[in-house]
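The values are calculated or read from the model by the stated rules, or taken from the named source; none is laboratory data. What you are looking at is a predicted structure, and each value in this text was computed from that prediction instead of being measured. With ideal geometry, Cβ positions are generated from the backbone for all residues, glycine too; neighbour counts draw on all protein chains shown. Calculation scope for accessible area: heavy atoms of the full protein, side chains included, ligands and nucleic acids excluded. Shrake-Rupley method; radii C 1.70, N 1.55, O 1.52, S 1.80 Å.
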Amino acid sequence: MAGATEHPPSRGDPSDPISSKGGILRIDSLAAAARARVFARGLGFALLALAMTLGPVAIAQGEGRLYGVVRDAVDQRPLAGARVTLVEAGWALVTDSTGRYAFDDPAAGPHDLAVRLVGYRARTVHALVPASGPLAIDIALHPEPVRLPRVDVRMPIALPRPVSPDSATTHDRELEAPALRQHPLLAEPDAFQALVGTDVALDPETPSGLHVHGGAADQTGYLLDGIPMHQPYHAAGITSAWNPDVLSLLRLWSTRPAPDGTDHLSGTVEGSLRAFGPSARAQVALSTTQARLAVDGPLGGAGAGYGLALRSGIHDLFTPKSEDSYLTSVIGDGLARVDVPLGAQRLGLLFAAHDNDVDATAEAAAGGPPGNHEFKWGAQTLGLSLRRAVGAGELRLAVWDARSHGSAVWVLPDTATEVSARRHDTAARLAWVDGATRAALRVERLDTEYRVDGGAVADLAAAPVIPSLSAEHARRVGAATEIGLGASLAALDQRVYPAGQARVSMHAGADGVVSLRYARTRQFTQSLRNPESVVGAVFPASLDLAADASTVPVASGDFVGVDAAGRLGPALRFEVSAWLRDADDLVLVAPRGGAPFATRGFVEGRMDGAGASAGFTLRTARWGGLLDYAYEQVRLHYADSTYVPQHSARHRVSAGVVYFASASTMLRLGAATLFGRRSTTSVGPIEWESCNFLDRGCEFVGSPELADVPRGGTALPDYVRLDLGVRKHWHVALGGRDASITAFLTLTNLLDRANVLTYTRRSAGAAAEPVEMRPLAPLVFGVEGRY
């Protein structure tokens with residue numbers, strides 16, 4: 001049976017770790033910075049007019065086919081009515097009267113093909129699907145009378161695309177769960193690291209939130225099954241606080257507000273939880289950084305289901321207990337959900353929480369440390385959703401209670417500063433969705449508080465109630481053009497804050513699209529953490545304070561972008577984009593102090609930026625490759641000063657190759673480089689090393705504060721990293737069911753390069769010294785199991 005290998009029966013889990021439908025990994029190219037906001041808007045309309053004159057572009061498209069015959073292994077009779085499932089895609093069909101099946105245009109690469117029929121032993125085979133042309137696989141089933149559980153047939157999940165050509169109302173990018181394990185630049189699955197590329201960035205090896213289109217981390221919002229989540233990120237080697245084993249899809253909304261999201265300037269990351277299976281499932285994972293457990297299954301016999309997930313960071317297990325330089329931490333997250341049908345309605349309950357408690361040595365002086373820094377942050381969200389089909393549309397109600405906290409004890413040789421922040425959102429959203437039309441009413445109360453003991457900042461608090469009304473609609477004009485329009489109004493302190501978006505998309509064939517976009521966004525909370533401080537490497541918490549009439553302003557911004565995506569053959573996909581954006585009334589902490597958070601107040605400023613990108617993704621039966629380039633120029637302005645934030649690199653290049661030695665074995669090689677980085681020199685001795693198994697942990701020692709120098713005034717050396725990894729999975733029969741075991745291993749920083757995090761002076765007037773990130777090549781390895 002060419003192109004296929006057999007393993008024992010599979011449960012048909014669509015989130016299998018070996019999937020040909022990996023992440024959207026792209027390239028990015030140049031753009032000139034435009035500082036004047038009037039010029040940015042004018043150029044956006046000029047680009048719109050230019051693109052509309054270009055007309056459709058012909059794009060080559062490939063086709064493939066997977067087909068065969070299912071037969072009785074004893075007498076070779078064709079078997080009609082056998083259920084054949086392409087597991088990773090979630091596609092399912094039944095054989096016809098001659099035992100035949102056929103899947104048109106499956107994605108190239110490895111797939112699990114599961115076949116079941118009552119009275120026969122189930123079989124699953126590995127198939128390597130070519131990028132074009134047919135692949136025939138005939139399958140013989142052995143008679144074995146069995147009783148199978150009820151099978152729920154689900155609609156196929158959409159293929160990952162950087163820009164969707166299907167509708168002007170859809171998201172900008174989509175990533176399926178299998179791509180988290182197939183990404184050439186990930187040592188182990190992580191929801192937020194997988195989204196990095198083109199217009200999305202993370203601080204290398206010290207993630208403190210996602211930066212979209214050059215924006216600060218607090219300008220990105222997060223949704224899980226339509227319920228807002230606060231600051232869902234960890235530290236000490238784990239970025240995302242979302243357990244990757246319970247996710248089915250990740251969506252990025254970066255050029256328009258997310259339909260179910262709250263207000264954020266840069267964009268929204270939306271996660272969807274995986275569907276419940278027809279029987280109970282369990283998944284466990286253990287690696288050098290974390291331990292995970294996820295279970296889900298049916299709840300009764302009426303279509304209800306449940307899910308539970310737990311995760312804990314474990315890097316402390318390897319830390320030398322006799323050395324004070326290593327971080328000590330407690331890191332974990334949990335999730336519980338229930339989905340229950342109630343007649344014509346469907347009720348969903350979701351609880352998600354994460355917590356982080358990190359201690360770091362305050363000083364490395366010979367006389368001994370004066371104490372420890374203490375950093376704590378976390379969040380808890382309880383959400384309820386109710387959906388009911390009404391006519392041709394759907395009525396959706398969501399109610400949530402979201403809380404977050406952050407606190408720190410910051411120790412200097414002669415003093416200590418304590419800061420605490422809390423946020424409590426209570427909100428309700430009622431939405432009507434009917435095809436390409438959507439309308440929503442939302443009311444939310446944002447109760448926030450910020451307190452400092454030992455600083456010059458007085459206690460701050462704000463608890464505004466913000467009602468908002470939004471509507472959007474998409475309409476096709478002619479055969480190849482689609483227009484999407486949206487607008488919203490929000491009220492605060494007797495003022496109305498408008499927002500909206502417009503998009504024109506021109507389609508060429510099934511996969512080619514050119515889009516021009518404009519968006520006006522706003523944000524009602526801003527963070528008082530200092531993003532220029534190197535302490536963000538271990539304390540990424542968002543210390544939010546809501547807008548009010550006297551202290552924190554309502555931030556607003558404008559975005560103009562043009563992008564195009566399509567195919568250059570059956571296996572090669574491309575994407576190019578360019579954007580301009582600005583934002584006003586931003587809270588800037590760095591100009592007023594050097595501590596990791598606001599202790600001496602903040603200033604109001606603005607931001608302008610420009611960027612461009614180009615990317616290519618190659619996917620065949622055995623090979624996958626990406627090449628991704630992004631150019632970005634971002635500046636923050638206040639009074640008569642300007643600086644480049646440390647999260648913005650002028651050039652970002654990433655490249656990776658994935659090779660499937662077999663349908664169950666994957667090798668990967670990935671490289672990431674950053675050029676044109678800047679930071680602000682610190683004062684105070686510091687020792688830093690990111691999480692590193694070979695060096696037995698994460699290290700942070702010292703009390704560095706930003707020096708009294710221009711912000712962003714220090715150029716950093718180029719960042720270069722090369723990784724090599726392997727994943728292998730096996731299927732075994734356990735208790736009459738199919739189970740899988742996956743092992744993975746990654747060597748990071750193969751070039752043994754000492755990349756620079758920042759520069760610091762041991763004392764005022766001393767020479768600046770580099771703070772290196774990772775002097776050794778770390779090792780990450782682990783195992784995963786499913787049952």
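Observations
- Here Kirkwood radius over Cα pairs in Å was computed from the coordinates, and among (i) 27.3; (ii) 32.0; (iii) 28.9 the match is (i).
- Ellipticity estimate at 222 nm from DSSP helix runs (n ≥ 4, -39,500 (n - 2.57)) divided over the chain, nearest 500: -1000 deg cm²/dmol
- Solvent-accessible area of residue 483, all protein chains in place: 60 Å² (probe radius 1.4 Å, heavy atoms, ligands and nucleic acids excluded).
- Considering only 657, 527, 545, and ranking their Cα positions along the charge dipole of segment 523-659 that arises from unit charges at the beta-carbon of Lys, Arg, Asp and Glu, the one farthest toward the positive end is 657.
- Dipole magnitude (debye, nearest 20) for the chain, charges at Cβ of Lys, Arg, Asp, Glu: 2140
- Surface accessible to a 1.4 Å probe, residue 675 within the full protein complex, Å²: 60
- Solvent-accessible surface (1.4 Å probe) assigned to residue 135 amounts to roughly 20 Å².
- Cα gyration tensor shape for segment 479-614, rounded if a/c is under 1.5, else prolate or oblate: oblate
- Global form of segment 187-320, assessed from the alpha-carbon gyration tensor, a/c cut-off 1.5: oblate
- Net +/- balance of residues flanking residue 348 in space, Cβ distance below 14 Å, scoring K and R +1, D and E -1: +2
- Count Lys and Arg as plus one, Asp and Glu as minus one, and take only other residues whose Cβ is under 10 Å from that of residue 636; the net charge is then +1.
- Residues with amide H under 5 Å from that of residue 68, placed H, sequence gap 5 or more: 101, 137
- When each of the peptides 72-79, 329-336 is scored by how many other beta carbons lie within 10 Å of its residues on average, the order from highest to lowest is 329-336, 72-79.
- For the chain, the relative contact order is 14 percent, taking Cα pairs closer than 8 Å that sit 6 or more residues apart in sequence and dividing their mean separation by the residue count.
- Using only side-chain charges placed at the Cβ, +1 for Lys and Arg and -1 for Asp and Glu, the dipole size of segment 183-322 relative to its Cα centre rounds to 360 debye.
- Taking the Cα centre of segment 650-787 as origin and assigning +1 to Lys and Arg Cβ atoms and -1 to Asp and Glu Cβ atoms, the resulting dipole is close to 480 debye.
- Descending by average beta-carbon neighbour count within 10 Å, the peptides 501-513, 465-477 line up as 501-513, 465-477, the highest first.
- When the solvent-accessible area of the chain is split by element, carbon and sulfur atoms take up 60 percent of it, the probe being 1.4 Å.
- Net +/- balance of residues flanking residue 588 in space, Cβ distance below 11 Å, scoring K and R +1, D and E -1: 0
- Across segment 320-329, coupling constants 3J(HN,Hα) worked out from phi with the 6.51/-1.76/1.60 Karplus curve, θ = phi - 60°, read x, 6, 8, 10, 6, 6, 7, 5, 10, 7 Hz, and Gly and Pro carry x.
- With Cα atoms, 0 to 90° folded angle of helix 37-54 axis to the chain main axis: 20
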